[in-house]
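Novice: Got a structure for you, questions after.
The values are calculated or read from the model by the stated rules, or taken from the named source; none is laboratory data. As the structure is a prediction and not an experimental result, all values here were calculated from the model. All Cβ positions, even for glycine, are placed from backbone atoms using ideal geometry, and neighbour counts span all protein chains on display. Heavy atoms of the whole protein, side chains included, go into the accessibility calculation; ligands, DNA and RNA do not. Shrake-Rupley method; radii C 1.70, N 1.55, O 1.52, S 1.80 Å.
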Amino acid sequence: MKWMKWMVLASFAALIVGGCTPGKTYERRLKRELASGIRYDSLFMGLSFGMTQKEFYEHCWDMNKDSIIKQGSANMSVQYDLNEELEHPATMNFYPKFDSGKIVEMPVRFIYNGWAPWTKELSASNLALDVKNWYEDIYGKGFITVTHPMNGDAYTKIDGNRRITIYVENDLYVWARFTDMLAGLEKDSLSANQN
Amino acid sequence: MKTTDRNKMRKSLFLVKAIVLVMLAAAFNQSCTNLDEELYGEVTPDNFFNTEEEILAALGAAYTQFGNWGSGDPWNLNCVSTDEMVVPTRGQDWDDGGDWRRWHLHAWTREDGGMNGGWNFGFGGVNTANRLIYQFEVLVDEGSMDPDVAAAFIAELRAIRGFFYWQLIDWFGNVPLVTDFANAEAQPATVPRADVYAWVVADLEEAVPLLPKEVDGTTYGRMNYWAGKTLLANLYLNAEVYTGVPAYAAAEAACTDVIDNGGFNLTGNYFDNFSAGNTGTSEMIFAIPYDQVYYGGFNVTARTLHYSSQYTYNLTAQPWNGFCTLEEFYNSYDDTDLRKGDVGTVDGPAIKRGNFIAGYQYNVDGTPANDDGADSNDPDGIHLNFGSMGSGEPQINELGPQAYRQAGIRIGKWEFELGGDPGAMNNDYAVFRLGDVILMKAEALWRQSNNPTDAAALLLVNDVRSRAINTLLTTLDGPVSFDMAGPSVAGGELFNEIGREMFAENHRRRQLVRWGLFDAVASWALPYNNPGDVLVEGEHTVLFPIHRDKIDANPNLVQNPGYN
């Protein structure tokens, strides 16, 4: 009991005190992009920020009928098979976050299909780099590397209101998170720094 | 367990959830903006956890993989492949390239994503445990971690690793045996199932005695001694399947230890174990503390309920109208069995909660729940009626392609909270609970005595059964649930009783395999009319295929028979 209390408090403290110091490059870019007034709402596969829940379902329904996507393997998301886009066959699962009925964030989880503990070239670390390179082809150059004390490195890119962050969850999975920075959902200290 | 202890447990459980929050916060935290360019790297001593708080938080990472147990591919592998659950194709809903129909028809292939999901679940857990064990050992060697502290954590991680290896050999049979993170082979070969079993059991027999025996908030949701013993009991109970050599006496002994010494008690009300507030019931041995905020992912509400059910429970989002149970399985419950629950009628909703949601449905205000998109030829019309109850029609007209939108009785075992989020439920999910252990012991006794009226086994079965139904079993033999008009089967009624009690708790596949019934799929398969769908029978289906992508990445893996 005591050790658990201590563990929780210490862990929060580690996150708060030991967290990364805001970097000037990131802040500068964020400030510049938000001030630009340009909106970048497009995500992927015809999805975009601001789509209503109904529009999202209908669009996914159409893609499902066309066998482009299917129910995610964890029964919680939409699945798309990446056969050519990355260095190795992979799977991406996504399901948006809605605020006031509209898409404001899109977390996307990736895994190399051939992943196993012994296939180091298919590690999540390599996958993150692979996803970043693929996204540079789609969304353009400009990803910067940020470091997290527990989850290693992450890549982030900001275009207008759209921030894309790519990071490793664990040995298997990589996340790409599209966030509408003007949607009021962002709660981290970065947005607070801009106010 | 004393009430005061349970109260203490409940009070301290926020800490468990807070730990999960810390882990998730760490995983999702994006506030870091150190802009030094660094390449992603493998684990090195430089990026080990350096502080005690990091060590403790890292241990929690070994548990995150369990999050898929109640909702992801493990559930599909263990439940949807059996006679207790099905996901019909309702027009264009739940087609998904035929994935769900193949689960039901045992027609899975080496290219089905679920095979990758199961493999990733197992080896993801194994790899995380191996990595943390390695890192703790290095810290001890460096003198920066107390060896006694490390030993306790490492024992816990070995038990966690044993759990994931149990599932791997259960699903795939022969699998690589990887026990060392730092010195793992680049392309390890598959190891015979019996050899993996022997290694895992030996490792657990050594590690489990080192685990804490406390049952309180410090061990809830973690692998303590009793969870480790229950894991061992499961391995022993299935030893004959895994190795050809039975270990029922060992299973009995492990169960006896948990029953007699663990301090657990059957809850008076079966459904206390599945309520939204089920944290820390007296029956929980090892649970996943799902939580809408801190530990999301348990979403049976979304998966099973109809779109219109949103207004029955005032859910924050629309459910997906997918999973349901099969008619024969539902009918294997006596009408007086409390676990079956009531049926909604044209006069009003069901009153008593059960493992199932059956019959006519109503909105929270008492008005009929209507399905405005009901199939024009559905004899039930628009008033939502799960399973066509009272109509004389089959509960599910077909597997696909045109199963009615209302077809099938739904899964109601876990309480749906009014106003809840169907995609992130608050109910904890029992990985191991006492009711299961008692039934395991009964089975172990019966398999040793081979006596259908084994008094000790019957006493145990009826101990669990009697909280749900007044009529007690007098024999363990009988027709099995998917063929009640068929011949008596040795242990058939025991098989049915375990099924009724453990419905949808990741048990059914192993039961069917132990009884030699898993490949009797033709006995429970629904009519299937999708072009190209086939029913696959044969002993080879007892094991799942290793996914093609895994084989492609490691040529030393040997595919299971029947899947090349």
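Novice: With every protein chain present, what is the per residue accessible area of segment A:22-194 (1.4 Å probe, Å²)?
Specialist: Here the residues of segment A:22-194 average 41 Å² of exposed surface.
Novice: On to the next question. Multiply the residue separation of B:Ile259 and B:Val558 by 0.36 nm, subtract the distance between their alpha-carbon atoms, and state the gained length in nm to one decimal.
Specialist: 103.6 nm
Novice: Moving to a separate point now. Give the dimensionless ratio obtained when the Cα radius of gyration of the protein assembly as shown is divided by 2.2 N^0.38 Å.
Specialist: Ratio of Rg to 2.2 N^0.38 Å for the protein assembly as shown: 0.93.
Novice: Quick check: pseudo-label points 7 Å beyond the Cα along Cα→Cβ at B:Asn377 and B:Asp335, how many nm apart are they?
Specialist: Going from the B:Asn377 label point to the B:Asp335 one covers 3.1 nm.
Novice: Take the alpha-carbon centre of segment B:163-228, take the same for segment A:115-182, and report the distance between them in whole Å.
Specialist: 32
Novice: Pull up the cross-link candidates among the aspartates and glutamates for B:Lys441, meaning alpha carbon to alpha carbon under 15 Å and not fewer than 8 places away within one chain.
Specialist: Leaving aside aspartates and glutamates fewer than 8 places away in the same chain, those within reach of B:Lys441 are B:Glu252, B:Asp257, B:Asp260, B:Asp454, B:Asp463, B:Glu497, B:Glu501.
Novice: With just the Cα atoms defining each centre, how far is segment B:449-496 from segment B:269-346? Give it in Å.
Specialist: Segment B:449-496 and segment B:269-346 have Cα centres separated by 25 Å.
Novice: Here's a follow-up. Going by amide H atoms built from the backbone, whose H comes under 5 Å of the H on B:Gly91, apart from near neighbours?
Specialist: B:Gln402, B:Ala403
Novice: Any idea what the relative contact order of chain B is, in percent, if you count C-alpha pairs under 8 Å spaced at least 6 apart?
Specialist: 19
Novice: Something else about it: When only C-alpha pairs under 8 Å and at least 6 residues apart count, what is the relative contact order of segment B:65-201, in percent?
Specialist: Relative contact order for segment B:65-201 comes out at 20 percent.
Novice: A further question on this structure: Can you compute the charge dipole magnitude of chain B about its Cα centre, using +1 on each Lys and Arg Cβ and -1 on each Asp and Glu Cβ, nothing else charged? Give it in debye, rounded to the nearest 20.
Specialist: Rounded to the nearest 20 debye, it is 1000 debye.
Novice: For segment A:22-194, what class follows from the C-alpha gyration tensor (a ≥ b ≥ c being the square roots of its eigenvalues): rounded when a/c is under 1.5, otherwise prolate if a/b is larger than b/c, else oblate?
Specialist: Note, shape of segment A:22-194 comes out oblate.
Novice: A follow-up question, please. Bins of 10 Å, beginning at zero and ending with the bin holding the largest distance: percent of Cα pairs per bin for segment B:165-216, please.
Specialist: All Cα pairs considered, the percentages come to 23, 42, 26, 9, 1.
Novice: Turning to a different aspect of this structure: Work out from phi, with θ = phi - 60° and the Karplus expression 6.51 cos²θ - 1.76 cosθ + 1.60, the ³J(HN,Hα) of each residue of segment B:192-197, listed in order in whole Hz, and give x for Gly and Pro.
Specialist: x, 3, 5, 5, 5, 4
Novice: Ordered by residue, what ³J(HN,Hα) values in Hz, to whole numbers, does segment B:401-413 give under the Karplus form 6.51 cos²θ - 1.76 cosθ + 1.60, where θ = phi - 60° and Gly and Pro are x?
Specialist: Once θ is set to phi - 60°, the couplings for segment B:401-413 become x, 10, 4, 4, 4, 9, 4, x, 6, 9, 8, x, 4 Hz.
Novice: Using only Cα atoms, locate the centre of segment A:67-109 and the centre of segment B:68-139, then give the distance between them in Å, rounded to an integer.
Specialist: So the two Cα centres are separated by 17 Å.
Novice: Further question on the same structure: What's the average, rounded to a whole number, of partner chain beta-carbon atoms within 10 Å of each residue's beta-carbon in A:168-174?
Specialist: 5
Novice: Report the full-extension gain for the segment B:Val245 to B:Leu472: residue separation times 0.36 nm, less the Cα-Cα distance, to one decimal in nm.
Specialist: Going from the current span to full extension adds 78.5 nm.
Novice: Sticking with this one: Which listed residue (B:Phe271, B:Phe323, B:Asn370) has the Cα farthest towards the positive end of the charge dipole for segment B:262-412, taking +1 on Lys and Arg C-beta and -1 on Asp and Glu C-beta about the Cα centre?
Specialist: Of the options given, the answer is B:Phe271.
Novice: Next question, about the same structure. To the nearest whole number, what is the average tally of beta carbon atoms from other chains within 10 Å of the beta carbons of peptide B:91-103?
Specialist: 3
Novice: Per DSSP helix of 4 or more residues, -39500 (n - 2.57); summed, then divided by the residues of chain B. What does that give at 222 nm, rounded to the nearest 500?
Specialist: -12000 deg cm²/dmol
Novice: 5 Å is the cut-off here: which amide hydrogens, built 1.01 Å from N in the peptide plane, fall below it relative to B:Gly344, excluding neighbours closer than 5 in sequence?
Specialist: So B:Gly344 has HN proximity to B:Ala350, B:Ala358, B:Gly359, B:Tyr360.
Novice: Which value, in debye to the nearest 20, gives the size of the charge dipole of segment A:22-194 about its Cα centre, when Lys and Arg are +1 and Asp and Glu are -1 at the Cβ?
Specialist: Computed about the Cα centre, the dipole is about 640 debye.
Novice: Strictly over 18 Å apart at the Cα level, which of A:Lys54/A:Lys97; A:Lys120/B:Lys550; A:Lys31/A:Lys132 would you flag in this model?
Specialist: A:Lys31/A:Lys132
Novice: Name the residue farthest towards the positive end of the dipole of the protein assembly as shown from the options B:Gly124, B:Asn385, B:Leu211, assuming +1 on Cβ of Lys and Arg, -1 on Cβ of Asp and Glu, about the Cα centre.
Specialist: Final value for the positive-end residue is B:Leu211.
Novice: Here is a follow-up. Consider just the alpha-carbon atoms of chain B and return their Rg together with their Dmax, both in angstrom.
Specialist: Final numbers for Rg and Dmax: 23.6, 73 Å.
Novice: Residues of segment A:159-180 with amide nitrogen under 14 Å from the 7 Å Cα-to-Cβ point of B:Ser144?
Specialist: none
Novice: So, one more: Considering only protein heavy atoms and a probe of 1.4 Å, how much of the accessible area of the protein assembly as shown is carbon and sulfur, as a whole percent?
Specialist: 51
Novice: Pairs of alpha-carbon atoms within less than 8 angstrom and 6+ residues apart define the contacts here; what relative contact order does segment A:22-194 have, in percent?
Specialist: So the answer I get is 22 percent.
Novice: Suppose R0 equals 60 Å; then what is the FRET efficiency for B:Lys213 and A:Asp99 from their Cβ-Cβ distance, rounded to the nearest 0.05?
Specialist: That gives a FRET efficiency of 0.80.
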